[in-house]
Structure formats: C-alpha cells, structure tokens
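Structure first, then comments.
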Amino acid sequence: MVIMKKHLSRRTVLRGLGASVALPLLDGMVPAFAAIRTSAARPVKRLGAVYVPNGMSMPYWAPASEGTLELSPILTPLAPVKDRLVVLSGTANQEAKQWLDEGDGDHSRCQAAFLTGAHARKASGTTNTTLEVGVSMDQLAARSLREDTQLASLELSLEANELVGQCEDGYGCAYSATLAWRDANTPMPMQTNPRAVFEHLFGAVGSTESTARLRALRQDKSILDSVSEELTTLQRQLGRGDRSKLGGYLESVRDIERRIQIAETQKDQELPDVVQPAGIPARFEEYANLMFDLLLVAYQADLTRVGTFLFGREKSVRTFPEIGVADPHHPTSHHRQRPEQLAKLSKINTFHMQIFGRFLEKLSTTPDGDGSLLDHSAFIYGAGMGNSNAHDPLDLPIVLAGGGGGTIIGGRHLRVPEGTPLANLHLTLLDKMGVPAESLGDATGDLPILFDV
C-alpha cells in the first residue's frame, strides 16, 4: 500500500504583525498511517469547570428519578445534548462547613472548596492577606498537561473582584474571585475582559498599548488580516475537508474579534439609569456567550486543555431584568422556601443553563479528530451549595457534560451515598484524563458508578 498523504505539524502556527494564530486539529496533522494504526490517533481530552454562585433552586433542579435522565425545568435547556449528560446527586463539600467558633463566611468557603475539597482559612489578627485552602483539581491537570499546550490553563469570569483585601466576614476576597488555586496559598486570577482574553490567546495586533489598539480598531484591522499571506499558502496544501474545517474555525475567530470591536465602540454610549452588569459587552447574555466562545476556540486550537469559568462570585448582586428578575441574585437566593422566590431563583438558574447549553451545542457541532469537541471533553457544572437559603453544602447540584474521550456514558441521573465528597468526582475525572493524582482535599476515593456500566 502506498500512502501519499502529506503531514502537517500539530504545532503549525500562522504568524504576522505580533499575532499568532494556532490551528485546530486537521486531518493533515495526523500521520499517514494513523488511519490504520488507530492507537496513534487517540483523541486529545479536555477538562473544564463552570461555577454558578448562590446555590440553586433545588425543587426546580432535581430530576424526577434515578437512571435514565429526565430533565428538570432548570436542566431543560440542555435537551439537545441530553445524551452527553450525567446529573450527579448526593455529593457534598463538607470542608465548606463552619468550624467551631469560626463564624460566618459560608459563601467564601463554598466557592473555595468547589474544586479543592479543602477548607478556606480565615484571616486572623490584624492581617487580611492570609490565604490558605488547597490546590484545585484543574491546576493538577494543568501541571500534567502544560507541556503539550501554549497555555497551562485558562481562567475566565463574568464578574470582576479584587484578589486582595477582605470581602466576607474576615475571608479574603480571593476566595470569591476565583475557582482555581495553583497551590494552597496562590489563587489564579480570572480574566474578565474579552479583549484581554483574545490577546492572551492570539497576541496583540502591533501593540497592547491602549491608544495603539484603539487606532487599530478604527482601521478595522483584523488579526486574521495580518496572517493572510501565510494563510493563503497553507490553504493550498490542504485537502477539501481540512479547508472546510479551517474555514469554520477562522470564521469563529473573526466573529469573536468583530463582536469585541463592536462592544468596545459601544462602551461609552449613554445607558439608562439602571444597575449595569460588570464587564463588556453591556448585555449579560452577549458577554457570557462571547467569553464561552473564547474558551471554545482555545480548546479547538489546542491552546489549552484546561479551563475554569465563573458565572459570578458568591454573594453576587447582579440583576437580570432581561428575564424579568430585577431583584439582586444573592437576596433572591434567600428564598425562605417561599414558592414565588424559588420560582424567581429558578429563572436565574435556567438563564445560566441556557447560556451553558448553547456552549455545549457549539462544542457538539465542532469537529475534533474522529468526533466533536464535546465528545472529547468533560465539564463539571454546578454550585458550591445546594439549598441556598440554608447555605447548605450538601446534595450539591452537579452536571457532568461531555464524552470524556469515550470514558463517560451520558443520559443518566446517578445518586451517590449522601455526603460523598465532591472531590471524589474530581479524582475520578483526573484519572480518566490520564493525570496522576493520589489525593485531593477531602477525597476518599473515586466514583466507579460513573464508569462501571
């Protein structure tokens, strides 16, 4: 047998004017014999964690029964990817509970423990800079996978918050400003500005200095325009399938850049006198979709394989008038079991899920090797507390989305023994990612129920 297929380096990058555009996995990057030796073309696995603040409206969250997944009202937006979901009930973050004589601070402890399984240390004495919790599972993955990608991990947030100072009853602001902890004392800052994220991924066109950047915007300069000559040369080398795949990816990059530019030109426009969501664009849904799209292209181009996404910090007071909820999120979460308040909170939870569902659908239609990005990814979506009125870190609302590279069977609702550490899920996923991790926070073992089917 004679195989004439050309081989492109997996690290092929287009460069121009200070920008670099990494490419997605193309057929031409797979060695010629990989189609015969299937073990040589094992899919790249990607890991993500998405956090929503202030708990969940649990009566609207929980599926009706175990086994085959029946979507609850909050989960209904995920219907198009139902076969790629595992809803997990019964896990807990015991380390988020208040220690003896420790006082308030449930929100900070719940968020800090979500990916670490560890108890957040409260500031003592006159200092407000003491931070101690534990390494987060995403950063364990980042340590193991960083040699293969440009970025070890990507941390995104839709709500700015300072890393320094105290924000809740003696707890440092860092506990509610991030999900990711490099080690027990080092929080990973989360990026909130889409322009900064874009330049972090692809570089700045010419200069990162603000006036130069605005000048480039006025000239409608695109990062793809700066690599056009190299792009033309590359496309001549590709087959029809690769040209189509590359064209879709580059169109996504161009669309993201266009949306950022529009948002930046509109940022100084006068707005009605209302509580305005933090960040750009001004509309929350548009902002969230843009940030999720940046995460998608980062995975697609294999710039990183690990990401965390914060819908909002704990105690967030963002309002959602676009869905008919003008009351701030945090006070709404203290529903006191009143039906009208639970219904209002469920609107917020469902709105978040609609945005996440759109992201999952885009992953499911984005080709990646012999499947889709969703096939080769695993995302944890959830909150650090269940019953938000009681600040209860038990029976957490958790969804596992994605195929995990063929290791996760979806379409199920599973219940583990009450009080099972959430960190057990994290250890299990790390193992399926091929990341060595003997311990994490309060983990007591893995969760074979996820995979032993």
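The values are calculated or read from the model by the stated rules, or taken from the named source; none is laboratory data. It should be emphasised that the depicted structure is a prediction, and the values quoted were computed from it without experimental measurement. Cβ placement follows ideal geometry from the backbone for every residue including glycine, while neighbour counts extend to all protein chains displayed.
Some points to look at:
For every residue, the table says whether it meets (1) charged (D, E, K, R); (2) in the same structural domain as A112 (by TED's automatic domain parsing); (3) surrounded by 19 or more Cβ atoms within 10 Å (Cβ to Cβ); (4) within 21 Å of T76 (Cα to Cα).
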| residue | (1), (2), (3), (4) |
| --- | --- |
| A326 | no, yes, no, no |
| R338 | yes, yes, no, no |
| Q354 | no, yes, no, yes |
| E361 | yes, yes, no, yes |
| I408 | no, yes, yes, yes |
| R415 | yes, yes, no, yes |
| D431 | yes, yes, no, no |
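- Some residue of the range 377-396 being over 28 Å from S333 (Cβ atoms), part of a loop (DSSP other than H, G, I, E, B) and modelled with pLDDT of 95 or more: no
- Pairs are defined by a Cβ separation below 9 Å, a sequence spacing of at least 6 or placement on different chains, a first member in the range 429-445 that is within 13 Å of A141 (Cα to Cα), and a second member that is basic (K, R); the pairs so defined are K432/K45; M433/K45; M433/R46; M433/R305; G434/K45; V435/R143.
- Selection within the range 363-391: residues that are of a type in the set (S, T, Y) and farther than 13 Å from F114 by Cα. The member of this set that is surrounded by the fewest Cβ atoms within 10 Å (Cβ to Cβ) is T365.
- Residue within the range 402-410 that is of a type in the set (G, A, S) and in a strand (DSSP E or B) present: no
- For the range 262-279, taking the residues that are surrounded by 14 or more Cβ atoms within 10 Å (Cβ to Cβ) and touching a Ser or Thr at 6+ places or on another chain (Cβ under 9 Å), the one that is modelled with the lowest pLDDT is identified as P277.
- Restricted to the range 95-148, and to residues there that are assigned to a loop (DSSP other than H, G, I, E, B), among the polar types (S, T, N, Q) and at pLDDT 85 or above, the residue that is farthest from W181 (Cα to Cα) is Q98.
- Residues satisfying the stated conditions in the range 392-406, i.e. out of contact with any Ser or Thr (no Cβ under 9 Å at 6 or more places or on another chain) and either crowded, with 23+ Cβ neighbours inside 10 Å or of a type in the set (A, V, I, L, M, F, W, C) (or both): P393, V399, L400
- Residue match in the range 291-309 (condition: out of contact with any helix residue (DSSP H, G or I) (no Cβ under 7 Å at 6 or more places or on another chain) and at positive phi): yes
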